[in-house]
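The values are calculated or read from the model by the stated rules, or taken from the named source; none is laboratory data. Worth saying up front: this structure is predicted, and the values here are computed from it rather than measured. Positions of Cβ are backbone-derived with ideal geometry, glycine not excepted, and every protein chain shown enters the neighbour counts.
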């Protein structure tokens with residue numbers, strides 16, 4: 001089952017227009033998977049306040065972002081999963097590790113889950129996960145689900161959505177009972193959901209989150225200045241706060 005938003009195409013078109021618009025800016029342009037918007041925005045805002053330099057940030061589906069950058073976008077720095085970025089047709093000058101991505105099972109307010117096997121319960125009627133072909137945490141969730149001995153018993157509960165933020169949005173409104181997302185996003189919405197449990201890392205392939213410098217931007221002062229800030233204690237504390 002795939003939930004479709006009526007506004008999906010409009011939002012996609014808006015994102016593409018925005019990417020083409022900021023391409024003419026002299027400011028540094030960074031792009032990131034939507035699931036890391038919160039820490040990246042916090043780092044961006046701290047960097048701007050500290051240096052006075054402006055940064056344009058783009059968030060969304062990584063397939064769309066990578067395609068736009070490949071065909072004329074001007075993003076110099078892309079944040080995402082290393083294996084996903086390596087499979088793209090973009091060339092990168094360098095890769096800078098930000099930490100390990102972690103898959104969690106989050107649940108709505110009014111529900112409490114203590115272990116993964118409880119998704120079999122009648123209390124969990126709708127269980128969402130991001131599109132496994134477009135989102136790294138969707139792929140991780142699918143890998144995890146297929147290893148569960150009770151997978152066939154819960155298949156009818158599964159709801160596929162486009163992105164991690166959509167999973168989070170449905171959890172906050174109670175439209176789903178539980179959903180798979182990354183720890184970073186779960187921490188960002190923890191006051192609006194019932195809670196979350198971390199999934200055993202043996203159930204999915206390692207997720208290495210990094211900042212990759214697009215080839216051709218490695219010698220620009222904007223990129224190098226932002227990378228310097230990324231390695232600072234201040235930025236590292238932000239990443240740690242969001243589970244990286």
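The table below gives the values:
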{"quantity": "Filter pass, residue 3 being modelled with pLDDT under 85 and touching a strand residue (DSSP E or B) at 6+ places or on another chain (Cβ under 6 Å)", "calculated": "yes"}
{"quantity": "Hits in the stretch 145-157 (condition: surrounded by 17 or more Cβ atoms within 10 Å (Cβ to Cβ) and either within 22 Å of residue 201 (Cβ to Cβ) or at pLDDT below 95 (or both))", "calculated": "145"}
{"quantity": "Residue in the stretch 88-106 that is loosely packed, with under 13 Cβ neighbours inside 10 Å, in a loop (DSSP other than H, G, I, E, B) and touching a helix residue (DSSP H, G or I) at 6+ places or on another chain (Cβ under 8 Å) present", "calculated": "yes"}
{"quantity": "Residue identified as farther than 13 Å from residue 181 by Cα, assigned by TED's automatic domain parsing to the domain that holds residue 187, touching a strand residue (DSSP E or B) at 6+ places or on another chain (Cβ under 8 Å) and surrounded by 13 or more Cβ atoms within 10 Å (Cβ to Cβ) among 136, 119, 78, 65", "calculated": "119"}
{"quantity": "Among the candidates 186, 142, 212, residue that is in a strand (DSSP E or B) and modelled with pLDDT of 95 or more", "calculated": "212"}
{"quantity": "Residue 110 being in the same structural domain as residue 189 (by TED's automatic domain parsing) and modelled with pLDDT of 85 or more", "calculated": "yes"}
{"quantity": "Residue count, the stretch 35-61 (criterion: touching a strand residue (DSSP E or B) at 6+ places or on another chain (Cβ under 8 Å), over 25 Å from residue 132 (Cα atoms), in a helix (DSSP H, G or I) and in contact (Cβ under 8 Å) with a residue 60 or more places away in the chain)", "calculated": "1"}
{"quantity": "Condition check for residue 197: modelled with pLDDT of 95 or more and in a helix (DSSP H, G or I)", "calculated": "no"}
{"quantity": "All positions within the stretch 64-79 that are farther than 15 Å from residue 93 by Cα and without any contact (Cβ under 8 Å) to a residue 40 or more places away in the chain", "calculated": "66, 67, 71"}
{"quantity": "The stretch 200-209, residues that are farther than 21 Å from residue 168 by Cβ and part of a loop (DSSP other than H, G, I, E, B)", "calculated": "200, 205, 206"}
